[in-house]
Amino acid sequence: MRLRFLAASAGLALIASAGISAPAVTAATPALIGSANGVVGIAQTVEVRAPGFAGQNVGLNFSLAGQVRTTATVSLNSAGSGSTVWTPSDAGAWSIAGTGSFSSASAGNLTVAAVPTITTLYAANQTPVNTPTTLTAVVAPTGGAATPSGSVIFTDQFGSTLGSVPLVNNATGLGTANFAWTPTSTTPGITVTATYSPSAGAGGSANALASSSTDGIQVTSGTPVVSLKLPGTLVVGRATDVTAIVAGVTGSDGSPIQGSVALINNVNGSVTGISGSIPLNGSQATAAWTPASPGNQLIVAQFSATNSFVSGSDTQAVNVLPAPGADPISLGVQGSAAWPAGGTVSAPANASLQLFTTTGSGAPASISESGPCLVNGNTLVTSTAAGTCTLTVSSPGTTAFASNQATVTIQVQAPPKKKKRR
């Protein structure tokens, strides 16, 4: 018996050195509200543990910068546990407090980080001098349902600003900035960079992270019949638009040109269709394309008119980058080594564990919990009795890293039984 007691004491000492405290469980377990640190636009769980309110509905106020931004009602089961799903709208320090008679509950406090973004610049590969051409920047969050806001600044390779355009949001959650730029001199190549500058949210800080994209343009003295408008960077598995622009020609009777465009991908002589024949919409034809293989490739647009004898084609060499690797993720107790992803660790009942999360990309991570435990900010509060909890850490990814998840199982150990007095 003495050996068993010593082993248990050693185990608790190791747990204490890892930043875990285990207060004694009492009959009057306090009411707790918890939600982990998160990311703007990515849904997360809010958990309530309140045995004294078992079987009741309790109200929650979600506050940012001293203002209630939204509310929720949580139905508690016979053990006093319940949860709801919440999607943070803004970055900053949030507080989740009970309302009415439930205002006595310990509030949840967490930090919501800005979501990473990917900016894609679409520019015509060739455009005539002294003629406006539209530069299009599309800004997308790497995860979740946040809609980027702010503006896009367009600069040339010398750092000179060509213009700045506010983002316009669409129904798909993307932000788009169209800038009409008129080149004033011919050049064999000009490089344009579109840089997304996020605006501040309700919490006073940006809700999205800045990102940029670069594309090259050839300014010509004449007007090319066909030009291609596509990003300067393509990535395997990442959807993009390929657009053919027809200009400088009319129908045989002087009416607007009509016809269709076929878009083709050529990889080392292996030709596949990006699209079949697409009718012109105005002077353009666009097809969505997701590159399937990396490396140097050719994109070809072939145009044929239906109201004249005009035809033409354009070819653009592109380098498709390999699909990004999954973002490396680490999770553990502060001051200790990271837990093994997919592994199982032990913790005492009713303990508080100060967690850390890291990602290889530097993207903010979010934590979700399933089971009888509760996460508040970066603190894991284990269940008051033996049980199994699962923590899942998620990264939304960045331009260079794909989204990823890592899961750790927590085996909560039952509190030691008190010895009976003889």
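The values are calculated or read from the model by the stated rules, or taken from the named source; none is laboratory data. Just so it is clear, the model here is predicted, and its values are computed rather than measured. Cβ: placed from backbone, ideal geometry, glycine included. Neighbour counts: every protein chain shown.
For the stretch 92-102, the count of residues that are more than 23 Å from Gln354 (Cα to Cα) and part of a strand (DSSP E or B) is at least one.
Which of the residues that make up the stretch 77-94 are of a type in the set (Ser, Thr, Tyr) and over 23 Å from the mean Cα position of the chain (by Cα)?
Quick first cut of the stretch 77-94, residues of a type in the set (Ser, Thr, Tyr) only: 78, 81, 83-84, 87, 89.
Residues satisfying the conditions are Ser78, Ser81, Ser83.
Looking for whichever is assigned to a loop (DSSP other than H, G, I, E, B) and either farther than 30 Å from Gly397 by Cα or at pLDDT 95 or above (or both) here; the options are Val46, Val85, Val25, Val68. Which one fits?
On the way: Val46 fails: assigned to a loop (DSSP other than H, G, I, E, B); Val85 fails: assigned to a loop (DSSP other than H, G, I, E, B); Val68 fails: assigned to a loop (DSSP other than H, G, I, E, B).
Result of the check over Val46, Val85, Val25, Val68: Val25.
Taking Val74 as the residue in question, decide whether it is more than 27 Å from the chain's Cα centre (by Cα) and of a type in the set (A, V, I, L, M, F, W, C). For Val74, the condition - more than 27 Å from the chain's Cα centre (by Cα) and of a type in the set (A, V, I, L, M, F, W, C) - is met.
The residues listed here are Ala123, Ala91; of these, the one that is surrounded by 23 or more Cβ atoms within 10 Å (Cβ to Cβ), in contact (Cβ under 8 Å) with a residue 60 or more places away in the chain and assigned by TED's automatic domain parsing to the domain that holds Ala210 is Ala123. Residues in the stretch 300-320 that are under 30 Å from the mean Cα position of the chain (by Cα) and buried (at least 16 other Cβ atoms within 10 Å of the Cβ): Val318, Val320.
Mind listing whichever residues of the stretch 388-399 are modelled with pLDDT of 95 or more and either under 16 Å from the mean Cα position of the chain (by Cα) or surrounded by fewer than 19 Cβ atoms within 10 Å (Cβ to Cβ) (or both)? Steps first, answer last, please.
The first filter runs over the stretch 388-399 and keeps only residues modelled with pLDDT of 95 or more, leaving 388-398.
Passing the criteria: Thr388, Thr390, Thr392, Val393, Ser394, Ser395, Pro396, Gly397, Thr398.
State yes or no: is Val58 under 30 Å from Thr233 (Cβ atoms), part of a strand (DSSP E or B) and either touching a residue at least 12 places away in the same chain (Cβ under 8 Å) or touching a Cys at 6+ places or on another chain (Cβ under 9 Å) (or both)? The answer is no for Val58. Within the stretch 249-265, being surrounded by 14 or more Cβ atoms within 10 Å (Cβ to Cβ), of a type in the set (Gly, Ala, Ser) and out of contact with any Pro (no Cβ under 9 Å at 6 or more places or on another chain) holds for Gly251, Ala262.
Thr131 falls short on exactly one of the conditions (1) touching a strand residue (DSSP E or B) at 6+ places or on another chain (Cβ under 8 Å); (2) closer than 18 Å to Gln218 by Cβ, and that condition is (1).
Within the stretch 3-10, identify whether any single residue is polar (S, T, N, Q), at pLDDT below 95 and more than 17 Å from Ser383 (Cβ to Cβ), and answer yes or no. Yes - at least one qualifying residue is present in the stretch 3-10.
Let's see how each residue does on (1) over 18 Å from Val39 (Cβ atoms); (2) in contact (Cβ under 8 Å) with a residue 24 or more places away in the chain; (3) in contact with a Ser or Thr (Cβ under 6 Å, 6 or more places away or on another chain):
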{"residue": "Ile329", "(1), (2), (3)": "no, yes, yes"}
{"residue": "Ser346", "(1), (2), (3)": "yes, yes, no"}
{"residue": "Ala351", "(1), (2), (3)": "yes, yes, yes"}
{"residue": "Glu369", "(1), (2), (3)": "no, yes, no"}
{"residue": "Leu374", "(1), (2), (3)": "yes, yes, no"}
{"residue": "Leu380", "(1), (2), (3)": "yes, yes, no"}
{"residue": "Ser383", "(1), (2), (3)": "yes, yes, no"}
{"residue": "Val393", "(1), (2), (3)": "no, yes, yes"}
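The single condition among (1) among the hydroxyl-bearing types (Ser, Thr, Tyr); (2) under 17 Å from Gly251 (Cα atoms); (3) at pLDDT 95 or above that Ser283 does not satisfy is (3).
Of all the criteria given as (1) farther than 20 Å from Val225 by Cα; (2) assigned to a strand (DSSP E or B); (3) without any contact (Cβ under 8 Å) to a residue 60 or more places away in the chain, the one not satisfied by Ala317 is (1). Answer yes if at least one residue in the stretch 320-329 is in contact with a Pro (Cβ under 9 Å, 6 or more places away or on another chain), part of a strand (DSSP E or B) and not acidic (Asp, Glu), and no otherwise. Checked against the condition, which is being in contact with a Pro (Cβ under 9 Å, 6 or more places away or on another chain), part of a strand (DSSP E or B) and not acidic (Asp, Glu), the stretch 320-329 yields at least one hit.
Considering Ala351, Ala385, Ala301, which residue is small (Gly, Ala, Ser), assigned by TED's automatic domain parsing to the domain that holds Gln258 and either modelled with pLDDT of 95 or more or under 24 Å from Ser83 (Cβ atoms) (or both)?
On the way: Ala351 fails: assigned by TED's automatic domain parsing to the domain that holds Gln258; Ala385 fails: assigned by TED's automatic domain parsing to the domain that holds Gln258.
Only one candidate qualifies: Ala301.
For Leu355, are the conditions met, namely being free of Cβ contacts under 8 Å to residues at least 60 places away in the same chain and surrounded by 18 or more Cβ atoms within 10 Å (Cβ to Cβ)? It is true that Leu355 is free of Cβ contacts under 8 Å to residues at least 60 places away in the same chain and surrounded by 18 or more Cβ atoms within 10 Å (Cβ to Cβ).
The residue that is surrounded by the most Cβ atoms within 10 Å (Cβ to Cβ), among those in the stretch 126-151 that are touching a Phe, Trp or Tyr at 6+ places or on another chain (Cβ under 8 Å), closer than 21 Å to Val318 by Cβ and among the aliphatic types (A, V, I, L, M), is Ala137.
Summed over the stretch 118-134, the residues that are over 17 Å from Gly232 (Cβ atoms) and either in a strand (DSSP E or B) or small (Gly, Ala, Ser) (or both) give a count of 1.
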